[in-house]
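To start, the structure itself, in structure tokens.
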Amino acid sequence: MDISHIRFGLCCIFREQNIKFRSLTAKSLLSLSKKEQFKKLSKICLHNCNSLLEAVKYCNGHGIKSFRILSPLFPRYTHPEIGYYLENLPDLDKIIKIMSSVKEFSKRNDIRLSFHPDQFVVINSPDKTVQKKSIEELEYQGMLAELLGADVINIHVGGKYGNKEKSLEQFVKALELLSEKTRQRLSVENDDINYTILDLQTISKKTHLPIVYDVHHHRCNPDGLSIDQATAICIQTWKRLKKEPYFHISSPKNGWNNEDPKNHNDYISITDFPREWFYVGPFTLDIEAKAKELAIQKLIFDLHSFLGKRE
């Protein structure tokens with residue numbers, strides 16, 4: 001028994017490594033002419049793509065074989081006033097070249113890339129404006145995913161809006177609004193408030209979307225399934241697509257006895273790692289901990305120590 005079957009994943013940014021991604025406010029851009037806006041945005045997009053290449057190279061050298069790309073890699077891309085297209089960026093040729101390098105390096109070194117849109121992306125919203133903005137954001141990330149070679153865009157179902165069954169149906173219906181390049185990369189994740197693995201199993205059967213199993217959310221929002229059962233359901237949905245299953249793990253900031261265990265800790269407690277996961281096939285595991293790369297290093301060390309004591 002070992003952990004060689006686990007593809008550890010880093011989420012978006014670093015704690016200690018000097019690899020930084022830049023952003024800027026809409027307010028700072030609105031004071032500029034369109035030409036100056038594009039110029040400034042172009043430099044930041046170029047910087048962020050260079051940082052992304054550094055990030056995947058770091059991951060490859062440190063046993064991290066998955067990286068979640070931060071959503072605002074191209075800042076304010078879908079902003080209602082500032083929104084732009086790739087063709088507007090003066091440094092586009094350089095940007096595309098670096099993105100191709102990220103894609104080629106990741107493929108050559110078997111690094112899995114993904115996106116996880118922010119919470120404001122809610123495609124099942126009854127508010128058509130919110131839904132439209134959510135679709136635009138997903139299409140933006142679908143465009144980036146295609147250019148970078150990311151195979152997963154992971155989303156939540158959204159709200160219940162007073163009628164859970166109707167909201168699930170609205171989610172399924174909203175999928176028809178997405179382009180093929182975006183939809184084929186979608187996965188859906190259980191959340192810590194509204195939708196459980198059992199709910200997602202129903203969606204997956206209808207849409208063939210794979211399920212990302214977040215064990216922390218499952219513990220916060222249980223549905224009667226054991227971890228073993230939920231894991232098996234998740235694996236089957238990825239198996240249909242001949243893709244590697246995807247899990248998330250985190251630990252509560254103030255422990256499980258706290259009133260609200262939803263907030264994430266800096267590190268993963270070894271006691272929160274499901275023992276069931278030692279006995280399944282290869283899977284990707286995003287480490288959702290605030291200490292980022294340090295949390296991955298510590299978890300790997302703790303898992304080796306735990307297994308060593310058992311032998």
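Assess whether GLU293 counts as being over 19 Å from GLN229 (Cα atoms) and of a type in the set (Asp, Glu). So GLU293 passes the test. Looking across LEU241, LEU177, LEU225, LEU200, one residue alone is crowded, with 19+ Cβ neighbours inside 10 Å and either free of Cβ contacts under 8 Å to residues at least 12 places away in the same chain or not acidic (Asp, Glu) (or both). It is LEU200.
The requirement of being in contact with a Pro (Cβ under 9 Å, 6 or more places away or on another chain), of a type outside the set (S, T, N, Q) and touching a residue at least 24 places away in the same chain (Cβ under 8 Å) is fulfilled somewhere in the range 112-127, by at least one residue.
Anything in the range 244-265 that is in contact (Cβ under 8 Å) with a residue 60 or more places away in the chain and crowded, with 20+ Cβ neighbours inside 10 Å? List them, or say none. Residue satisfying the conditions is TYR246 alone.
The single condition among (1) touching a Lys or Arg at 6+ places or on another chain (Cβ under 9 Å); (2) under 18 Å from PHE115 (Cα atoms) that ILE287 does not satisfy is (1). Whenever a residue of the range 184-197 is touching a residue at least 40 places away in the same chain (Cβ under 8 Å) and over 19 Å from SER226 (Cα atoms), its partners that are charged (D, E, K, R) and outside any loop (DSSP other than H, G, I, E, B), lying with C-beta atoms within less than 9 angstrom and at least six residues away or across chains, give the pairs ARG185/GLU146. Screening the range 268-302 for residues that are touching a strand residue (DSSP E or B) at 6+ places or on another chain (Cβ under 8 Å) and assigned to a helix (DSSP H, G or I) and picking the one that is farthest from VAL215 (Cα to Cα) gives GLU293. Against the numbered list (1) in contact (Cβ under 8 Å) with a residue 12 or more places away in the chain; (2) of a type outside the set (A, V, I, L, M); (3) more than 21 Å from ALA150 (Cβ to Cβ), CYS12 comes up short only at (3). Taking first residues from the range 90-111 that are part of a helix (DSSP H, G or I) and partners that are modelled with pLDDT under 95 and aliphatic (A, V, I, L, M), no Cβ contact under 7 Å between residues at least 6 apart in sequence or on separate chains turns up. Just one of the numbered conditions (1) more than 26 Å from PHE120 (Cα to Cα); (2) in a helix (DSSP H, G or I); (3) of a type outside the set (A, V, I, L, M); (4) in contact (Cβ under 8 Å) with a residue 24 or more places away in the chain is not true of SER42: (1). Screening the candidates LEU186, LEU200 for the property of being within 16 Å of ASN124 (Cα to Cα) and touching a Leu at 6+ places or on another chain (Cβ under 6 Å) yields one hit, LEU186. The condition of being more than 25 Å from ILE64 (Cα to Cα), buried (at least 19 other Cβ atoms within 10 Å of the Cβ) and not assigned by TED's automatic domain parsing to the domain that holds LYS57 holds for only one of TYR161, TYR195, TYR213, that being TYR195.
Of all the listed residues (PHE74, PHE8, PHE67, PHE38), the sole one being touching a Pro at 6+ places or on another chain (Cβ under 8 Å) and aromatic (Phe, Trp, Tyr) is PHE38.
The values are calculated or read from the model by the stated rules, or taken from the named source; none is laboratory data. Small disclaimer: the values here were computed from a predicted structure and weren't measured. FYI the Cβ positions are ideal-geometry reconstructions off the backbone, even for glycines, and counts take in every protein chain you see.
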